[in-house]
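Derivation of every value follows stated rules applied to the coordinates shown; laboratory data play no part. Keep in mind that this is a model prediction, so the values were computed, not measured. Backbone-built Cβ (ideal geometry, glycine too); neighbour counts: all protein chains shown.
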Amino acid sequence: MSSDPYEGPVVLPDDESLGPEVQIDYPGYRSTQWRAPKRPLVTLPEELHSLDGPVFGEDMLNALDNDLTRQHDGEPLGERIVVHGRVVDEDGRAVRGALVEVWQANAAGRYKHEVDQHPAPLDPNFSGAGRCLTDDEGRYRFVTVKPGSYPWGNHENAWRPAHIHFSVFGRLFMQRLVTQMYFPGDPLFAYDPIFNSVRDPRSRALLVSRFDLSETQPAWALAYEWDVVLGRGGPGTTPVEETP
Amino acid sequence: MKTPSQTVGPYYSIGLERRAENELDSDGIELSGTLLDGRGEPIADGLVEAWDPAGRRWGRCGTEDGGRFTFRVPRDAGHLEVAVFARGLLRHQLTRVYLKADGVPPGHETLLAEHEGGGLRFDIRMQGENATLFFAH
């Protein structure tokens, strides 16, 4: 069976009626064709709504895991930035002790990964991976360099907006989230099928960080703030503890 | 409104496979399988997570080895909750694998792992006639 070339639009128009979650059958993102489930999904077993997820401890972490600029002998090239925010649930309650893992391209738009053959330089001082646990107020903080945009093979002249990949484990199994954080005002937003697979613009806006002057470090690094909002976990959920 | 999902992409191993984490129980039984796309081809850039809700043991395994994933799982676990991530999956998919025939609820019969060699086998098919059952979420 060969892959039928997709001739439709790369980006579909906004549609709030589809709801806030991503559309997994989004043909403009070509890799969905043979991978996204086509059959109707079956009912989620009731007990999953309130099922706890895995809990991670400090033993997961090394001291410099949340500073991607200090993991090698020298400093990486690029624009040094602070990325910080809170992990909260839909009611605004802090999710403490959440494992937050990030990975990203370097400032030139190249991942340290054998599959990435974009002819941009690797940076010997940048691996592009970090992790931390949220504190009692649900806060996380990373120091890194701003990732570059990079081309990909999805369609003619396709470029990804600059982004940092985030993986978050909440308190509940159903709060598991893998997503991408973007930077405000990226000119590539309008052309990117992955970003636009969230067709409700209000929901899509939650993927974009905010420039944060108050956390910007004078003569050192710009700051971006981005909160991660996890679901409640559905009916029957045990409420996540509030911050005292 | 919650933060929407985005694909894990092809480079997740940089951040999510910094060390092997596929042993839920080092004395357990091997559970392995292949992650397959709608053409029956292995997905060699996927990530499978397994969670034993009764024993509270967790693991994950990338599928770089020809779409194959392997876990060592508790012998006494009834079932594991399974999450599948991959390039082309804009949101992770949830399924389940039952390790023992007794206690499989009606409708979940296809989620029973098969005995193979001394271990268990459970393939995950994203699409097609024998597509794995995924839960709405």
Residues (assigned to a loop (DSSP other than H, G, I, E, B) and either of a type in the set (A, V, I, L, M) or in contact with a helix residue (DSSP H, G or I) (Cβ under 9 Å, 6 or more places away or on another chain) (or both)) located in region A:45-59: A:Leu51, A:Gly53, A:Pro54, A:Val55
Close pairs (6 angstrom Cβ cut-off, 6 or more residues apart or separate chains): without any contact (Cβ under 8 Å) to a residue 40 or more places away in the chain and at the interface with chain A (Cβ under 7 Å from one of its Cβ atoms) in region B:5-33, of a type in the set (Gly, Ala, Ser) and assigned to a loop (DSSP other than H, G, I, E, B) anywhere: B:Ile14/A:Gly128
Options A:Leu172, A:Leu99; residue that is over 26 Å from A:Leu64 (Cα atoms) and either more than 14 Å from chain B (Cβ to nearest Cβ) or surrounded by 20 or more Cβ atoms within 10 Å (Cβ to Cβ) (or both): A:Leu172
Residue list for region A:196-211, filter: surrounded by 23 or more Cβ atoms within 10 Å (Cβ to Cβ), touching a Leu at 6+ places or on another chain (Cβ under 9 Å) and hydrophobic (A, V, I, L, M, F, W, C): A:Val198
Tally of residues being over 13 Å from A:Ser197 (Cβ atoms), in contact (Cβ under 8 Å) with a residue 12 or more places away in the chain and within 7 Å of chain B (Cβ to nearest Cβ) across region A:1-37: 2
Verdict on A:Pro40 being within 11 Å of chain B (Cβ to nearest Cβ), part of a loop (DSSP other than H, G, I, E, B) and farther than 19 Å from B:Trp58 by Cβ: yes
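Conditions (1) touching a residue at least 60 places away in the same chain (Cβ under 8 Å); (2) more than 10 Å from every other protein chain (Cβ to nearest Cβ); (3) under 18 Å from the mean Cα position of the chain (by Cα); (4) over 29 Å from A:Leu230 (Cα atoms), marked per residue:
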position: A:Leu51; (1), (2), (3), (4): yes, no, no, no
position: A:Arg70; (1), (2), (3), (4): yes, yes, no, yes
position: A:Asp123; (1), (2), (3), (4): no, yes, no, yes
position: A:Cys132; (1), (2), (3), (4): yes, yes, yes, no
Tally of residues being in contact with a Pro (Cβ under 7 Å, 6 or more places away or on another chain), aromatic (Phe, Trp, Tyr) and within 11 Å of chain B (Cβ to nearest Cβ) across region A:157-169: 1
